[in-house]
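Report on one structure; see the data block that follows.
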Amino acid sequence: MPAVSFYLKKEVLDAIRARASSGNIPVSRIISRAVEEYLKTNEMHGARQRVMEHIRRAIEPSDWEALHRERTSADVDRD
């Protein structure tokens, strides 16, 4: 795996080190998991936005008059 250098606030690094020590796992693994989870969350957010956009397109009728006629016709058949 390639190595990466970056800066963290002291309190963040201290918290990561404490968690690593208590869980007996490397600091790098905690940071890697955090980045992976962030990316998953970000991907999920994008996917949710794409789904909502498709739903909006499906729901927004381009011809309100045709929709009204269809609904009115469907209501007439209900008895």
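Here are a few things to note about the model shown:
- Residue in the range 25-37 that is surrounded by 10 or more Cβ atoms within 10 Å (Cβ to Cβ) and not in a helix (DSSP H, G or I) present: yes
- Residues in the range 1-24 that are of a type outside the set (D, E, K, R) and surrounded by 10 or more Cβ atoms within 10 Å (Cβ to Cβ): Leu8, Val12, Leu13, Ala15, Ile16, Ala18, Ala20, Ser21, Gly23.
- Look at (1) more than 23 Å from Phe6 (Cβ to Cβ); (2) touching a helix residue (DSSP H, G or I) at 6+ places or on another chain (Cβ under 6 Å); (3) at pLDDT 80 or above and you find that Pro61 fails only one, number (3).
The values are calculated or read from the model by the stated rules, or taken from the named source; none is laboratory data. Computed from a predicted model, the values in this text were never measured in an experiment. A quick note on method: Cβ atoms are made from the backbone with ideal geometry, for glycine too, and the neighbour counts reach across all protein chains shown.
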